[in-house]
1. Got a sec? Which of 147, 157 is part of a helix (DSSP H, G or I), open to solvent by 60 Å² or more (accessible area, probe 1.4 Å) and within 15 Å of residue 46 (Cα to Cα)?
2. What about residue 152, is it under 35 Å from the mean Cα position of the chain (by Cα), under 14 Å from residue 51 (Cα atoms), touching a residue at least 40 places away in the same chain (Cβ under 8 Å) and in a loop (DSSP other than H, G, I, E, B)?
3. Looking at 41, 30, 25, 82, which one is modelled with pLDDT under 95 and touching a Cys at 6+ places or on another chain (Cβ under 9 Å)?
Amino acid sequence: MIVEGRTIAKTFWGKAWCENLERYRDFDSRLPRGRSYVRNRAVLDLQIKPLAVKALVSGSEIYEVTIGVAAVSKSKWQSICRDCAGGIDSLVELLQGRLSTSVMERICQQNQGLFPRPPEIKLSCSCPDYASMCKHVAAALYGVGTRLDEEPELLFRLRAVDEKDLLANLGAAASRSTTPAAGKVLASDDVSALFGLEMADDSPPAASKPATRAQPKVKTKTKTKRKSAPISPRASARAKPRSPKNPSVR
C-alpha cells in the first residue's frame, strides 16, 4: 500500500474513517505508531471483506493482522436510511462525498452512524506484542482509510449493508418532482392559442339537429332594355311623310 507524503487519507470517506478512529479514547493513545508504519509503506497487503479486514504488515518480520467488525443492526441501518431519505440524489454523489452536510454527518455520526465503535471491533495480530492494538493493527486500521480513498464502497461492504438502500426513496421523490404543480398546466384553449393549433375536443358531440332540405334557388331572368340603334340622316329623311301636292299647281 502506497501513501504519498504524510497525508494518509485525502478524500471525504478516507478522512472520515481516520477521524472516527481518533475520536475514541480506546484508540487515540495507540494510533500514532500505526500512522508512522502506514506512511513508511509497512502495510504490504490489505483486503476488506464483509465484517473483516485482513492485512500483512511488515515489522521485524511479516505479521498477519485480522480485524473483525460487527454487523450493523437492522434497526440502526433502517434509521440511517430513513434519516437520509430524500437527501441523496445519486449513488455517485454519495460515494464521492458530495452530498449535503446534514446527510454526510448522519452517515458518519459517532456511535449512531456507519463507522464501527470500539466495542464492535475485534483485533488480532500474530506479533508477540501483548496489547490488543499493536502498531501493526493500528497501521492496518489507517490502511482502511487509505483504501476508502480509492474505493469508498468498501465501507458498505465492510459493514455488510447495501448502499443502494439509501436510494430506496429516490424513485418516489423523482415522481413527485415531475408532477406538474397547480397552475402550471395549460388548458387546451391556451395551448391552441399559443401554438396556433386546433385541438381535438374530447367532450361528447352534441345531438345534431335534422338537416333541413335546402330549397332550390329559382333563377329569374332580368329583362334587359335593348338599346335602339342611332337613326341615320338618310333613314330619317325617308321616314318623313310626304307633303300632299298643292292642287292649285298643275
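1. Working: 147 fails: open to solvent by 60 Å² or more (accessible area, probe 1.4 Å).
Residue meeting the stated conditions: 157.
2. Values: under 35 Å from the mean Cα position of the chain (by Cα): yes; under 14 Å from residue 51 (Cα atoms): no; touching a residue at least 40 places away in the same chain (Cβ under 8 Å): yes; in a loop (DSSP other than H, G, I, E, B): yes.
Against the criterion (under 35 Å from the mean Cα position of the chain (by Cα), under 14 Å from residue 51 (Cα atoms), touching a residue at least 40 places away in the same chain (Cβ under 8 Å) and in a loop (DSSP other than H, G, I, E, B)), residue 152 does not qualify.
3. Numbers: 41 fails: touching a Cys at 6+ places or on another chain (Cβ under 9 Å); 25 fails: touching a Cys at 6+ places or on another chain (Cβ under 9 Å); 82 fails: touching a Cys at 6+ places or on another chain (Cβ under 9 Å).
Only one candidate passes the filter, namely 30.
The values are calculated or read from the model by the stated rules, or taken from the named source; none is laboratory data. Everything quoted here is computed from the prediction, not taken from an experiment. All Cβ positions, even for glycine, are placed from backbone atoms using ideal geometry, and neighbour counts span all protein chains on display. Ligands, DNA and RNA are stripped out before the accessible areas are found, and what is left, the full protein with its side chains, is counted by its heavy atoms. Shrake-Rupley method; radii C 1.70, N 1.55, O 1.52, S 1.80 Å.
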